[in-house]
1. Among the residues of region B:297-305, are any in a strand (DSSP E or B) and either free of Cβ contacts under 8 Å to residues at least 12 places away in the same chain or facing another protein chain (nearest Cβ under 9 Å) (or both)?
2. Name every residue in region B:340-391 that is more than 7 Å from every other protein chain (Cβ to nearest Cβ), touching a Ser or Thr at 6+ places or on another chain (Cβ under 6 Å) and assigned to a strand (DSSP E or B), in order of residue number.
3. So if I check each of B:Asp371, B:Asp344, which one is more than 20 Å from A:His420 (Cα to Cα) and among the acidic types (Asp, Glu)?
4. Could you tell me whether any residue of region A:363-373 is more than 10 Å from chain B (Cβ to nearest Cβ) and of a type in the set (A, V, I, L, M, F, W, C)?
5. List, please: which pairs have Cβ atoms under 6 Å, are six or more places apart or on different chains, and start with a residue in region A:388-399 that is β-branched (Val, Ile, Thr) and end with one that is crowded, with 21+ Cβ neighbours inside 10 Å?
6. Taking region B:118-161 only, how many residues are free of Cβ contacts under 8 Å to residues at least 60 places away in the same chain and surrounded by 23 or more Cβ atoms within 10 Å (Cβ to Cβ)?
7. Output the residue which, of all residues in region B:392-404 that are surrounded by 15 or more Cβ atoms within 10 Å (Cβ to Cβ) and away from chain A (no Cβ under 14 Å), is nearest to B:Gln338 (Cα to Cα).
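The values are calculated or read from the model by the stated rules, or taken from the named source; none is laboratory data. Model, not experiment: these values are computed from the prediction. Cβ: placed from backbone, ideal geometry, glycine included. Neighbour counts: every protein chain shown.
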Amino acid sequence: MSTETQSIEELAKREYKWGFTSNIEADTAPPGLNEGIVEFISAKKKEPKWLLDWRIKAYRKWTEMSEPNWAYVTHAPIDYQKISYYSAPKKKKQLNSLDEVDPEVKATFDKLGISLDEQKRLAGVVAVDAVLDSVSVATTFKGKLAEMGVIFCSFSEAVLEHGDLVKKYLGNVVPYSDNFFATLNSAVFSDGSFCYIPKGVRCPMELSTYFRINASNTGQFERTLIVAEEGAYVSYLEGCTAPMRDENQLHAAVVELLALDNAQIKYSTVQNWYPGDEEGRGGIYNFVTKRGKCAGVNSKISWTQVETGSAITWKYPSVVLQGDNSVGEFYSVALTNKRQQADTGTKMIHVGKNTRSTIVSKGISAGRGQNSYRGLVKVTKGAENARNFSQCDSMLIGDRCGAHTFPYIEVANPTATVEHEATTSKVGEDQIFYCNQRGIDTENAVSMIVNGFCKEIFNELPMEFAVEAQKLLGISLEGSVG
Amino acid sequence: MKTVKEDAGAILKLFDAFEKECNGTRKSWVHELRQKARARAAELGIPTTKDEEWRYTNVAPLAKRAFTRPAPAKSLAVKDIAALLPPGLAEARLVFVDGRYTEALSNVGSLPKGVTLSSLHAALASDDKALRAHLAQYARQNDHPFVALNTAFLLDGAYLHVPKDVEVESPIHVLHIASGGEGQLAHPRNLFVVEAGAHATVLEHYAALAGGTYVTNTVTEVSLGEGAQLDHTKLQEEGAGATHIASIEARLAGKANFANHNVTLGGELTRNDINAVLDGEQVECTVNGFYIANGTQHVDNHTLVDHAKPHCHSYEIYKGVMDDTSNAVFNGKIFVHQDAQKTDAKQDNKHLLLSRDAEVQTKPQLQIYADDVKCTHGATVGQLDADAVFYMRSRGIGRAEALRILTFAFAEDVLKEIKHQAMRAWIASRVHERMAHTTGLKTR
């Protein structure tokens, strides 16, 4: 079976389309990490005392922790003292309107296809809180959202303007001492998005943020916090591209979602950071902590992710199903090519009664990619009638890649019903033949088959995101999203 | 941070006394093996729950316990162990009491010519060539702390050698009896070698005379030649206070057919490591298991089916019935190497929970490096189907009876694969008896 392997190999050799660097004067902290740097970051952002204390507490905890090594990935050791922990585009003056945005910044986003310009907004209903490196450059749609009481702004702005809310919810789902990377993030996080949906409000548009790693040698430490009050609904989109770099860049974000009674949060990600070159040089290390808590009854949190980029992806978007009748969902497509490594999956922690969770994970390995699903389904003693269904399918393209499954299932309640299924397969010769016979060339046939394989996941992506998902996936597997 | 291992000194300090017992073999190759293993065991220590392989099974307390080497067994007569002898399996039997061969209880009468069935101790004394070629070649004494300990204290166990193309029809019953005294620690070591084209059936059986807090740490090595067949059943009926740690390591040559049926009914803490290396093409490998646990029993099964070569098939079903506050751990790994194209591997793990306080931790793993393979695994945890119970009750079958029928049907998937009919029937009767003592199947 060499034909489809060949076509995949060709695709794998494609240059990274979005690999450009923009020259924006950055206000960068010297490399290294100590309490002084933490204070520097906090001071730069004019943060209140409580947040500085929280950061320092996290930093001290971090110094006692050691880097975890259980994931099925290999990489050169990271020298945390060589990373610069703060970089912001220098503000020349206070921006009053979009016209004043640094033209180079604007051009960067234009190249990525983001419409910062409210007037000719193509995406129509998508509000973009654009994060260029660490500081939000501009936020749109604010006025419209404010009318409904929705707060959607950069994290730093939220700290200054909605300090009480941030203080109340920060670290509620992912405490500062959670794990090595989350703790590092808690100490040095630069910016991110804050989103608060008040009681009973259905957010009228898809909220979106765009992360972009820019200045070289700068770790990105975003912090995202989304709170959906009683009966609220929000759909949040996150998408990423990054310029080509030779040095590995560390990305350790934290995303916290909190859903109260009857609230719903839908979180979708398309990730296409620079995956490194043919030999795996360069590329982003994506070590992210994402967790949602269904704190209230009948609440629902849904994660959808399409992971095509990064040299190493290491993330487990999780849901703690605390409220009775709460629902957790995880839909994932992870594609590894070249020497990419992905160790990703989810955790569903069933605590409340009648809680339900669904996990559908599709892993595609090509080239020399290593793709692992690692998931935990835990049913605690009090979780009466918990229900879980998990499905993990892997597809291998070529004989130098690997697909691995590490599902952990822990059940401590007899009324629970937990099912896990996994399959591994390749693109069938007969399937290709069938397509060829009908005049579809092998490359398109592979794309079609892979697209069909992932369809369940793409269906979960919000409409507004589908276009982008197509663009980004096209880099790795042309036309796989039909 | 907690350490990943505890000191194994409490067990290893018995080594000097053990060495004295081995007098006469102290200059031999096997003693060299023991000494190397002893050094390795000291390095490996006793794993704690910080070690991923031992995450859910806490054996660390063993490091703190005081152990004695079993005293020479008191004399037993065949009638004393009659309940442990399956009808129809009397033709070939090796009996070990506290890890030592007991000739009076054994019977190696009528086996085909060329077949060696003896105690390992006797085979070592006669310097059996095949034994030397196979012993400690497959077990992971360099990696697994308890295999290292077993190898350090290697002394006796069952040894079977079936030469090329010989078919042994009658099943071989290997019975390890523990006298069950407090703090006793035995290290039985078995080796089953079935050469090319040969066939054999083995029942490896662990039982006890008393329910003290003793420890059995056993290792079984299996080697199948080209086209060889072995139907291997392990039945564990240790005493109520026992810790049973077992490793089975099988190396399978091309076209070999290996079936392992691992039935766990006794013991307080059980840990099985069952590894099969499919080291030739067209191997058929079945790794099945069934367990019932109640009280505070803890049953941990780790299996590894290692597809090293192409065109092999493996099948795995593990099923557990958990009652009271018992705890089950299942970790089944299928590993497919880069060259092992056309592999077909299936794995299934199912648990029935009968009580509110029983717990299950299951982790079915796939690690796959070849693209042209079919691998599936599934895991479920749940209760008996309420509709099925209702159906039976509506036809006049009492609730307890219905539960027992359905639970036995659940077990049957595993038991029906045992090829020898009399053995299968007898093991089914042991499972029935065990179910009769399971409260979750009586009252609710």
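1. No, there is no match, as no residue in region B:297-305 is in a strand (DSSP E or B) and either free of Cβ contacts under 8 Å to residues at least 12 places away in the same chain or facing another protein chain (nearest Cβ under 9 Å) (or both).
2. B:Ala345, B:Lys346, B:Asn349, B:Lys350
3. B:Asp371
4. Yes, that holds for at least one residue.
5. A:Ile397/A:Ile8; A:Ile397/A:Ala366
6. 4
7. B:Arg404
So that you can scan it fast, the table gives a plain yes or no per residue for (1) crowded, with 24+ Cβ neighbours inside 10 Å; (2) free of Cβ contacts under 8 Å to residues at least 60 places away in the same chain; (3) closer than 17 Å to B:Ile427 by Cβ:
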residue	(1), (2), (3)
B:Gln184	no, no, no
B:Arg189	yes, no, no
B:His199	no, yes, no
B:Ala210	no, yes, no
B:Glu221	no, no, no
B:Glu237	no, no, yes
B:Ala242	yes, no, no
